[in-house]
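Enquirer: I'd like to ask some things about the structure below.
The values are calculated or read from the model by the stated rules, or taken from the named source; none is laboratory data. Just so it is clear, the structure is predicted and the values come from calculations on it, not from any experiment. Here Cβ is always computed from backbone atoms with ideal geometry, including for glycine, and neighbour counts include all displayed protein chains.
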Amino acid sequence: MFEELRVTKALNKIKATSRLTLPYSWDLNIYRGCEHGCHYCYAIYSHRYLEKEEKDSFPGKESSGREDCAFFQRICVKTNIAEALEKQLGSRSWKKEVINIGGVCDSYQPAEAKYGLMREVLALMIKYRNPITISTKSDLILRDFDLLKELAELTYVNIAVTVTTMDKNLSTLLEPLASPPEKRLSVLRAFKDTAAVTGLHMMPILPFLTDSPENLERILSLAAGCEVDYALPGILYLRGETRKHFFDFLACNFPELVDPYRKLYAKGGADRTYKAELYGVLSSLMEKYRLSGDYMKPMQVKLSRTKQLKLTDFQK
Ligand code: SF4
């Protein structure tokens, strides 16, 4: 279900605590909610305001767990996002900082095929030469190859693709409406010869489901074949709404894993010994395929080059 809405601001300043670990300070979300429906989704919390709306509309109604589904099914579309964005990008106070497109949704979820708002957003990024990062699980991004390629020639563009498993059936179960893994990798292949920085996000790694050395090696070797600039693996974290939703998913689909998960996830993060073993495997694989885990370096190099280019243009 799509709900169209109008916004006054397009950019959202990321909380100071999160900025310490992220290489950008601004988020732009064209949609609220995400149809991809990944059962481990970290962003389910961002629909809390809709829970409140429902409770206000139906006082006394108990929660039935529908709120979790609302994030996947009730998609708010910011139809005037480009208009609101242009006001911010054109403002004298805007310092052309890196904008992360899609912090709590996938900008290339199925709704984007209908609304096409990313093309308007990218046209503005080109107009204002604004650096961006995008992470997606959809090959719909290839529709905008021309604009992304053009922007990457002007400034820093980071295109990351998330792949958790190469098993198509498991992927469909875990991430129902995202593109199949092979199609996601085709995105990295397509951007390989452009000026964009490309990265593989292998996250979250799900214990007992996607953590086999074979799966990890297959994904990393394929990413190496796509000549990615970096690869970022990360283990599942379970808290709040995500924890509840994921345990419900396990109980329905992998009941035998509920107890092992309870033991491993006594807290939000996985057990330390498990993490140490997994990171050991990952670090040898990263070394074997000569993959860098440093996503900051390409950004620093590209942004400093852009500054030099601008100076050169000025001196002409
Ligand atoms: S693609 Fe990202 S935002 Fe969308 S459901 Fe999956 S994890 Fe959540």
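Enquirer: Collect the residues in segment 159-179 that are away from the ligand (no atom under 16 Å from the Cβ) and either within 17 Å of the chain's Cα centre (by Cα) or among the hydrophobic types (A, V, I, L, M, F, W, C) (or both), keeping them in residue-number order.
Expert: Of everything in segment 159-179, just one residue is away from the ligand (no atom under 16 Å from the Cβ) and either within 17 Å of the chain's Cα centre (by Cα) or among the hydrophobic types (A, V, I, L, M, F, W, C) (or both), namely MET166.
Enquirer: Out of THR162, THR155, THR136, I need the residue that is among the β-branched types (Val, Ile, Thr) and touching an Asp or Glu at 6+ places or on another chain (Cβ under 6 Å). Which one?
Expert: Result: THR136 is the single residue among THR162, THR155, THR136 that is among the β-branched types (Val, Ile, Thr) and touching an Asp or Glu at 6+ places or on another chain (Cβ under 6 Å).
Enquirer: Sticking with this one: Return the only residue of ARG218, ARG243 being more than 17 Å from ASP167 (Cβ to Cβ) and of a type in the set (Lys, Arg).
Expert: Step by step, each of ARG218, ARG243 is checked, and only ARG243 is more than 17 Å from ASP167 (Cβ to Cβ) and of a type in the set (Lys, Arg).
Enquirer: Going residue by residue through segment 209-229, is there one that turns out to be more than 17 Å from SER292 (Cβ to Cβ), of a type in the set (D, E, K, R), out of contact with any Pro (no Cβ under 7 Å at 6 or more places or on another chain) and not in a helix (DSSP H, G or I)?
Expert: Yes: one or more hits.
Enquirer: Ok, one more. Of the conditions (1) over 25 Å from LYS13 (Cβ atoms); (2) modelled with pLDDT under 95, PHE71 satisfies every one except a single condition; which number is it?
Expert: All conditions are met except number (1).
Enquirer: Out of the residues in segment 11-47 meeting the condition of being free of Cβ contacts under 8 Å to residues at least 60 places away in the same chain and within 16 Å of the ligand (Cβ to nearest atom), tell me which one is surrounded by the fewest Cβ atoms within 10 Å (Cβ to Cβ).
Expert: Among those residues, the one meeting the criterion is SER18.
Enquirer: Could you go through segment 180-200 and let me know if any residue there is farther than 13 Å from ALA223 by Cβ, buried (at least 20 other Cβ atoms within 10 Å of the Cβ) and away from the ligand (no atom under 13 Å from the Cβ).
Expert: The answer is yes; a qualifying residue exists.
Enquirer: Here's a follow-up. Can you name the residue in segment 105-137 that is surrounded by fewer than 23 Cβ atoms within 10 Å (Cβ to Cβ) and within 12 Å of the ligand (Cβ to nearest atom) and is also farthest from ALA231 (Cα to Cα) among such residues?
Expert: Step by step, filter segment 105-137, then rank; the result is ALA111.
Enquirer: Go through (1) within 16 Å of the ligand (Cβ to nearest atom); (2) under 29 Å from LYS263 (Cα atoms) one by one and return the number of the condition ASP211 breaks.
Expert: (1)
Enquirer: Between residues in segment 260-282 that are of a type in the set (D, E, K, R) and residues that are surrounded by 15 or more Cβ atoms within 10 Å (Cβ to Cβ), which pairs lie under 7 Å by C-beta distance while being six or more apart or on different chains?
Expert: Filtered contacts from segment 260-282: ASP271/LEU264; LYS275/ILE235.
Enquirer: Hey, does segment 83-92 have a residue that's in a loop (DSSP other than H, G, I, E, B), in contact with a strand residue (DSSP E or B) (Cβ under 8 Å, 6 or more places away or on another chain), surrounded by fewer than 21 Cβ atoms within 10 Å (Cβ to Cβ) and not aromatic (Phe, Trp, Tyr)? Working first, answer last.
Expert: Of segment 83-92, the ones in a loop (DSSP other than H, G, I, E, B) are 90-92.
Then keep just the ones that are in contact with a strand residue (DSSP E or B) (Cβ under 8 Å, 6 or more places away or on another chain); that gives none.
Looking through segment 83-92, none of the residues is in a loop (DSSP other than H, G, I, E, B), in contact with a strand residue (DSSP E or B) (Cβ under 8 Å, 6 or more places away or on another chain), surrounded by fewer than 21 Cβ atoms within 10 Å (Cβ to Cβ) and not aromatic (Phe, Trp, Tyr).
Enquirer: For segment 140-157, which positions are within 16 Å of the ligand (Cβ to nearest atom) and out of contact with any Leu (no Cβ under 9 Å at 6 or more places or on another chain)?
Expert: Matches in segment 140-157: LEU140 only.
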